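**Student:** One structure, as structure tokens, below. Some questions next.
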Amino acid sequence: MRALTATNDFVVKFANVNGSGSASANTLFAKSILRMGIPIASRNIFPSNIQGLPTWFEVRVSGEGHLGRRGGVDMMVAMNPQTWDRDVAEIEPGGYLFYDSTKPLPKSKFRDDVNVIGVPLTEMCNAAYKDARQRQLMKNIMYVGALSALLQMDPAVVEALLGEQYKGKERLAQSNREAFHMGRDWALKNLECPIGLRLSPLDAVGDRIFVDGNSAAALGAVYGGATVCAWYPITPSTSLAEAFDRYCRRLRTDPETGKKRYAIVQAEDELASIGVVVGAAWNGARAFTATSGPGISLMQEFVGLAYFAEIPAVIFDVQRAGPSTGMPTRTQQGDVLAAAYASHGDTKHILLFPEDPHECFTMGADAFDLADRFQTPVFVMLDLDIGMNDWLCEPFRWDDSRRMDRGKVMTAEELEAGKTFGRYLDVDGDGIPYRTYPGTHPSKGAFFTRGTSRDRFAKYTEQGSAYVDNMQRLLRKFETAKAYVPRPIERRAAQPTRDGVIYYGSSSAAMREALVALEGDGIHLDALRVRAFPFHDEVMDFIARHDRIFVVEQNRDAQLRTLLTIEGCVDPARLVPVLHYDGTPITARFIRAAIADKASALNVVPLRKAMP
Amino acid sequence: MSYLPKPKLHHPTLPKNALGYTRRDYEGAISTLCAGCGHDSISAAIIQACWELDIEPHRVAKLSGIGCSSKTPDYFLGASHGFNSVHGRMPSVLTGANLANRDLIYLGISGDGDSASIGLGQFAHIMRRGVNMTYIVENNGVYGLTKGQFSATSDKGSKAKKGAINTDEAIDLVGLALQLGATFVARSFSGDKAQLVPLIKAALLHKGAAFIDCISPCVAFNNHEGSTKSYDFVREHNEVVNKLDVILGRQPITAEYEPGSVTEVTQHDGSVLRLRKLAPDYDPTDRVAAMNYLQERKAAGEIVTGLLYLDPDPTDLHANMGTVEVPLNRLGDAELCPGSAALARINAALR
């Protein structure tokens, strides 16, 4: 039988039962490979459930450094009888099936074209441990031990990681080490080690870090100076607010008094969450909420108020599959339009599209400067894939000379000196007015904030001309924002081409990999990664420079393409959608196939005028 | 409503408070409500209370939702920042504002539609969080801006102007506030300024969640025969349990009272609330007894007013959270940004 052989280039998938303690063993497996200097991309695939349902963990080992999901499974660690059949079916021909062989299984449960590796994990655990929970947990570490032998993983790296993980808990560290070696020794003694899939130490990780986007975004909020967080639990954004709490306790506790330089409210719903954010920001604090699609729907009215009354707000939208409850634990880029034009009436909002946790941190901090500078809501558009998975990314960086940009805030001194204050007065021609914080001056600078129309001095009016004047200024302000938001990043093809591709967010890693492969296929594309809305002029220039532009997205309706079409008055026929929206992260294989397919199909389509 | 703006000139003999301000300095824009609206009386009482307490107007933040009552913050304290926010959501906005700057005085103005219908959830949660504020519901039992629909505080059996009888049970905000942990609960009547002004003063001095349900007849849509929120009905059925005097630190005590008829409660800030009992055995520091009493009197068709419950030593949201004394909106880069050295350590732990 054929046996796959590959060094530092394969996919291992773990099929586990939710709540069985497999997560920490799987992370240990993933981190050990990183410590060997080999890049990996790992993803959790989990159901909307706490205990008992199937959950998967996929590790893509890629010496080349590809961080997107590859698709396909070279080795399945099948620890869940419930999903056995589909797990076995997923293995590539010539791949490997690793399983717990304690209970004999009928031959019909296996495939002829995969290599079967049985390890009597339960039997070994039952012999070694008495406590039921310990038997369960140690079984996980034991399979990591067996895999280390099969894949040629450096055991010293695993031991070092266990030591760090259980620092100060030597007994736990020791029992984990023992379980690891029990599995490893059994495999070395009873199995042919190594198999065709092998790890070989590299120096390809560098100083990169391994972290999830939600934690990174939360840390960005800490560095960005956020002091008020109001949120309502919703998958997949919950861990963002929880990470903010965790980081703040460490980094924002007054060392002398032990008191908090932050406030976190777990609100009664998303309406209250955004209400608290708006109230806090109106009063001069940097405030944010973290939510997902259904929360964005609930926040619509407040977002419109914040837009019209010009109040900063930062909203981290960790997107999941919609509409409605959709697939709460599956990823999608489904809220682009809902966020861009959130609320009733004419509204437009700043959106940021981080590609990985590194940018979640950077944009997480930048969002607060942008919100203050433009006195408006800013959406940071994460998704479940970035938010809840650990990604290998550039380390976080901070320039200590950087200061918060609080935007145009008139001080008591300026008011006292007689500077004219009109809350909605465009003094600088950039559409951005000055604001004052409540309580600034005894007799000057107070104004009444309202969602109803008013003149430039915040006085109530229903005069059409004053309303139009204000709405036009808001447009000017949005225009100004184009130059402040993160610029797009272009990657030119190896040879001149009239074809381009636009992509954003978590599709980036898969896209980069696909570009290399497409080049090999003879398809040359200039590529532009869009990082923000409003679109920088460079985005429209890129579209103008190409005849045909593929727009790669993870939603059904080609939402970014729609936004480009509307905002840039682009002929939709020139923007070819490439859409992946089954809830799993997009893969390079998918992009490559879809673009190759569309490219060839489009090339044979006759010119329009020739059509009947 | 009046179309004539008041002249800005003050009469030189207008009395001034300790800050040198006259009452006129606490006024706002001209009211656009109907002539005779109870809400305007409440605005006047707020002006009076703030003036008497020597509050600097700009240190007050006034927040409201949507509705007739929510328009009123424009009509008092013109030197204060105001925020006319979203229907039923003022509590969350006020909570956020309070978190940003614990040093200001927060005054939430709402109505019965705003707080008992669309905003009942947020009303409940701001009370249970103990936000330091004065929350006034200007309760007229009717939707004014949309012309006369019943609100959720309309009493069962009350008659609408066009003749319909309300068949739904009324929501009693005072009962809810008591149950949900408000530490100052009062009910008053916009037609009784002598009762209302001291209640607002005491609420403003209270360092916790203070709630005043103020019955405020709607002259346009709910002041007719058969309404239970009309001036006449409230006057006839008003059962006042106590009369309140607010005594600040150095104020000499002049009046004399019958022994046993007066209770004095010292609030955390040192102010003394002197309560003259009108209902025998009513103890405003006993929350459970207060709830029982209110239910009994309600069943008898009476509207109980006065200071109904007071916890003289309340905690508030900031105390519960353990936030720093400096307002969060005044913290700068040095206090908020951990810097590159801390980030290097975080990076190291993620490798």
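**Student:** Of (1) buried (at least 24 other Cβ atoms within 10 Å of the Cβ); (2) within 10 Å of chain B (Cβ to nearest Cβ); (3) not polar (S, T, N, Q), residue A:259 satisfies all except one. Which?
**Tutor:** With (1) buried (at least 24 other Cβ atoms within 10 Å of the Cβ); (2) within 10 Å of chain B (Cβ to nearest Cβ); (3) not polar (S, T, N, Q) applied to residue A:259, the lone miss is (1).
**Student:** Could you say which residue among B:110, B:117, B:64, B:69 is more than 9 Å from every other protein chain (Cβ to nearest Cβ), farther than 22 Å from residue A:262 by Cβ and surrounded by fewer than 24 Cβ atoms within 10 Å (Cβ to Cβ)?
**Tutor:** Details: B:110 fails: surrounded by fewer than 24 Cβ atoms within 10 Å (Cβ to Cβ); B:64 fails: surrounded by fewer than 24 Cβ atoms within 10 Å (Cβ to Cβ); B:69 fails: surrounded by fewer than 24 Cβ atoms within 10 Å (Cβ to Cβ).
Selected residue: B:117, the only one of B:110, B:117, B:64, B:69 that is more than 9 Å from every other protein chain (Cβ to nearest Cβ), farther than 22 Å from residue A:262 by Cβ and surrounded by fewer than 24 Cβ atoms within 10 Å (Cβ to Cβ).
**Student:** Among the residues in the stretch A:345-368, are any surrounded by fewer than 23 Cβ atoms within 10 Å (Cβ to Cβ), more than 14 Å from chain B (Cβ to nearest Cβ) and not basic (Lys, Arg)?
**Tutor:** Within the stretch A:345-368, one or more residues are surrounded by fewer than 23 Cβ atoms within 10 Å (Cβ to Cβ), more than 14 Å from chain B (Cβ to nearest Cβ) and not basic (Lys, Arg).
**Student:** Right, something else. Take the residues in the stretch A:308-334 that are under 29 Å from residue A:449 (Cα atoms) and either within 25 Å of the chain's Cα centre (by Cα) or of a type in the set (D, E, K, R) (or both); name whichever of them is farthest from the other protein chains (Cβ to nearest Cβ).
**Tutor:** Filtering the stretch A:308-334 for residues that are under 29 Å from residue A:449 (Cα atoms) and either within 25 Å of the chain's Cα centre (by Cα) or of a type in the set (D, E, K, R) (or both), the one farthest from the other protein chains (Cβ to nearest Cβ) comes out as A:317.
**Student:** Taking the criterion of being surrounded by fewer than 16 Cβ atoms within 10 Å (Cβ to Cβ), out of contact with any Leu (no Cβ under 9 Å at 6 or more places or on another chain) and within 14 Å of chain B (Cβ to nearest Cβ), would at least one residue in the stretch A:164-179 satisfy it?
**Tutor:** Yes, because at least one residue in the stretch A:164-179 is surrounded by fewer than 16 Cβ atoms within 10 Å (Cβ to Cβ), out of contact with any Leu (no Cβ under 9 Å at 6 or more places or on another chain) and within 14 Å of chain B (Cβ to nearest Cβ).
**Student:** Answer yes or no as to whether residue A:323 is modelled with pLDDT under 95 and surrounded by fewer than 21 Cβ atoms within 10 Å (Cβ to Cβ).
**Tutor:** So residue A:323 does not fit the description; no.
**Student:** So which residues in the stretch B:141-195 are aromatic (Phe, Trp, Tyr) and farther than 20 Å from residue B:119 by Cβ, if there are any at all?
**Tutor:** Matches in the stretch B:141-195: B:189 only.
**Student:** Scan the stretch A:224-247 residue by residue and report those that are at the interface with chain B (Cβ under 10 Å from one of its Cβ atoms), of a type outside the set (Ser, Thr, Tyr) and free of Cβ contacts under 8 Å to residues at least 60 places away in the same chain.
**Tutor:** Passing the criteria: only A:230.
**Student:** Mind checking which pairs have a first residue in the stretch A:390-409 that is more than 19 Å from residue A:40 (Cβ to Cβ) and facing another protein chain (nearest Cβ under 7 Å) and a second that is in a loop (DSSP other than H, G, I, E, B) and of a type in the set (Lys, Arg), Cβ under 8 Å, 6 or more apart or different chains?
**Tutor:** As it stands, the answer is A:404/A:286, since those pairs meet every condition given.
**Student:** Could you list, in sequence order, the residues of the stretch A:550-607 that are in a helix (DSSP H, G or I) and closer than 20 Å to residue A:45 by Cβ?
**Tutor:** A:588, A:589, A:590, A:591 - these are the residues of the stretch A:550-607 that are in a helix (DSSP H, G or I) and closer than 20 Å to residue A:45 by Cβ.
**Student:** Would you point out the residue of the stretch A:440-495, among those that are among the small types (Gly, Ala, Ser) and touching a His at 6+ places or on another chain (Cβ under 9 Å), that is surrounded by the fewest Cβ atoms within 10 Å (Cβ to Cβ)?
**Tutor:** A:494
**Student:** Taking the condition of being part of a helix (DSSP H, G or I) and either facing another protein chain (nearest Cβ under 7 Å) or under 18 Å from residue A:393 (Cα atoms) (or both), how many residues in the stretch B:331-349 meet it?
**Tutor:** Adding up the residues that qualify gives 13.
**Student:** Which numbered condition in (1) part of a loop (DSSP other than H, G, I, E, B); (2) touching an Asp or Glu at 6+ places or on another chain (Cβ under 9 Å); (3) over 20 Å from residue A:481 (Cβ atoms) is the only one that residue A:406 fails?
**Tutor:** Result: residue A:406 passes all but (3).
**Student:** Check whether at least one residue in the stretch A:411-425 is surrounded by fewer than 20 Cβ atoms within 10 Å (Cβ to Cβ) and either at the interface with chain B (Cβ under 8 Å from one of its Cβ atoms) or within 32 Å of the chain's Cα centre (by Cα) (or both), and report yes or no.
**Tutor:** Taking every residue of the stretch A:411-425 in turn, none turns out to be surrounded by fewer than 20 Cβ atoms within 10 Å (Cβ to Cβ) and either at the interface with chain B (Cβ under 8 Å from one of its Cβ atoms) or within 32 Å of the chain's Cα centre (by Cα) (or both).
**Student:** Can you work out which of the residues in the stretch A:11-54 that are surrounded by fewer than 23 Cβ atoms within 10 Å (Cβ to Cβ) and of a type in the set (Ser, Thr, Tyr) is modelled with the highest pLDDT?
**Tutor:** Looking at residues that are surrounded by fewer than 23 Cβ atoms within 10 Å (Cβ to Cβ) and of a type in the set (Ser, Thr, Tyr), I get A:27.
**Student:** Could you count how many residues in the stretch A:262-291 are under 17 Å from residue B:94 (Cβ atoms), part of a helix (DSSP H, G or I) and more than 7 Å from chain B (Cβ to nearest Cβ)?
**Tutor:** Total satisfying the criteria: 3.
**Student:** Let me ask something else about it. Among the candidates B:203, B:194, which residue alone is more than 12 Å from the chain's Cα centre (by Cα) and either at pLDDT 95 or above or not in a loop (DSSP other than H, G, I, E, B) (or both)?
**Tutor:** On the way: B:203 fails: more than 12 Å from the chain's Cα centre (by Cα).
Exactly one of B:203, B:194 is more than 12 Å from the chain's Cα centre (by Cα) and either at pLDDT 95 or above or not in a loop (DSSP other than H, G, I, E, B) (or both), namely B:194.
**Student:** Can you tell me which residues in the stretch A:560-582 are surrounded by fewer than 17 Cβ atoms within 10 Å (Cβ to Cβ) and under 16 Å from residue A:332 (Cα atoms)?
**Tutor:** Within the stretch A:560-582, A:582 is the sole residue that qualifies.
**Student:** It is to be established whether one or more residues within the stretch A:364-378 are assigned to a strand (DSSP E or B), within 14 Å of residue A:221 (Cβ to Cβ) and among the hydrophobic types (A, V, I, L, M, F, W, C).
**Tutor:** Yes, the conditions are met somewhere in the stretch A:364-378.
The values are calculated or read from the model by the stated rules, or taken from the named source; none is laboratory data. As the structure is a computational prediction, the values presented were derived from the model and not from experiment. Neighbour counts are summed over all protein chains in view; Cβ atoms, including those assigned to glycine, are modelled from backbone coordinates with ideal geometry.
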